[in-house]
């Protein structure tokens, strides 16, 4: 659905003395910072140690590494289209802003509500697995029994405190944890490679793309499940775009950071998953993946090829890695709420920033409250932090996010049909179509394998409500946009159109819908009314 807004060039009201727009702190992040922030949301150590055994044990056996090849290629094509638009539209709302520019404000706000919800539950999900790892590590290594809910509440508090300050502080914390978790995976993988693999050698055949569609040691293959699990391992890479307003030279940094986060992580996943299979051997990989402790698929080769000390370190880094991922998603959720709040589509205080640090502190505290409600709710009903909190909320969020990613490719294609005809056809036409079809295929795989991925949690009421939650969120956002189009055209015109201008000033109102110019000051952010447009009913 598209819309058209006609307006005369708005003469912005002068900003009152002392009034400044609530903007995020500019020039806080460099290329490396943005890459770390994005990769942290993928949580490499959690993605590998949690997803690879599941894919090996119940998907395509020892052919699991080949599924990461397909995921890397398809997501790279997706990223090409995604970053093509990021070069012109710099907005904290990312997907929300892209879809609003490409498919119109109604589709944009509906998708914006979906993706905001997704990021809010992702934090609670990661806090769940952090708490599970924390309880296990403290009990096994320190002999201290700590209730998982205490780990969860402390994690929420720390996230809120770190997010209150300059975003560069969170970036530094995330970089430390991310480097250490990547290091332990690399140490394991290169140790296996250096020894020529395990009992069956290097098992190069596990990288054969054809292996992604057969059992490879399993009696029954589930290639759809394995492929979905592989794509699931990248959740959050697209968060690069939401840091555009806080980055130095975002139209250059964000595209590069996104491609690094996709292809770099993809190559790393392929290598680590291959080495984990090779280190265990064909029979050992499947038996350990299907055991009561599937993490042994990583702990065993680490013990054999590196040493027991590395297993102990690995366990602590699984805890710190999930914490880093939760912090990264806390920042994502806060920025989406900030983007909707500054446009008055959620309560306007959410659009405020901390005067000194330029952080979306109000949205951050609200997000901390939301995560606390999720955690206490699961705890009150006696739910498991891993099987229920982590798995169930991750699936709820992923369901919404993958749908929004698919819609985004349609938005990119449509946007470039109207704007910037000089752009490369591969980036603006071919990549969005191929990437969109690829993501649509992932959505289909997700729907087909949702119950299997959820495990015991599939019997819960929340699981059964997942499609209805997604539909309700989209219809609520779209319905609000339609209402505003009729009752408040000025507010409707602003939906998804608050951007960082090409010269770096902002937040600004994107008058012409191109995102890279034709912007006007947004006096509403400083307490004035926005210019009243004439909106064509569509």
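What follows is calculated from the coordinates using simple rules that are stated; it is not laboratory data. Treat the numbers as computed from the prediction; the structure is a model and nothing was measured. Every residue, glycine as well, gets a Cβ built from its backbone with ideal geometry; the counts of neighbours run over all protein chains shown.
With volume of the Cα convex hull per residue in Å³ as the read-out, I listed (1) 221; (2) 132; (3) 177; which label goes with the value calculated from this structure?
Computed from these coordinates, volume of the Cα convex hull per residue in Å³ corresponds to label (2).
For 439, 275, what's the fewest-to-most ordering of other Cβ within 10 Å of each Cβ? It would help to have the intermediate numbers written out before the result.
Details: 439 24, 275 27.
The order, fewest Cβ neighbours first, is 439, 275.
Determine the distance separating the Cα centre of segment 355-418 from the Cα centre of segment 119-166; give it in Å without decimals.
If you average the Cα positions of each part, the centres end up 17 Å apart.
When a/c reaches 1.5 or more, the comparison of a/b and b/c decides; with that in mind, is segment 251-310 rounded, prolate or oblate per its Cα gyration tensor? Spell out each step's value before the answer.
Working: a/c = 3.20, a/b = 2.48, b/c = 1.29.
It is prolate, given that a/c is not under 1.5 and a/b is the larger ratio.
Sort 148, 374, 468 so the one with the fewest other Cβ atoms within 10 Å of its own Cβ comes first.
The order, fewest Cβ neighbours first, is 468, 374, 148.
How big is segment 154-295 by the Kirkwood estimate over distinct Cα pairs, in Å?
Details: mean 1/r = 0.0556 Å⁻¹.
By the Kirkwood definition, the hydrodynamic radius is 18.0 Å.
Direction-averaged shadow area of the convex hull around the Cα atoms of segment 351-467, nm²?
On the way: hull surface 43.0 nm².
For segment 351-467, averaging the hull's shadow over all directions gives 10.8 nm².
Run lengths n ≥ 4 of DSSP H only: what is the helix-derived mean residue ellipticity at 222 nm for the chain, with -39500 (n - 2.57) per run over all residues, to the nearest 500?
Values: 19 runs with 327 residues, N = 538.
Estimated from H runs of four or more residues: -20500 deg cm²/dmol.
Report the relative contact order of the chain, percent, no decimals, based on alpha-carbon pairs under 8 angstrom and at least 6 residues apart. Write down the numbers at each step before the final one.
Working: 1024 pairs, mean separation 176.6, N = 538.
Once divided by the residue count of the chain, the mean separation gives 33 percent.
Based on other C-beta atoms within 10 Å, arrange 123, 283, 136 from fewest to most.
Ascending number of Cβ neighbours within 10 Å: 283, 136, 123.
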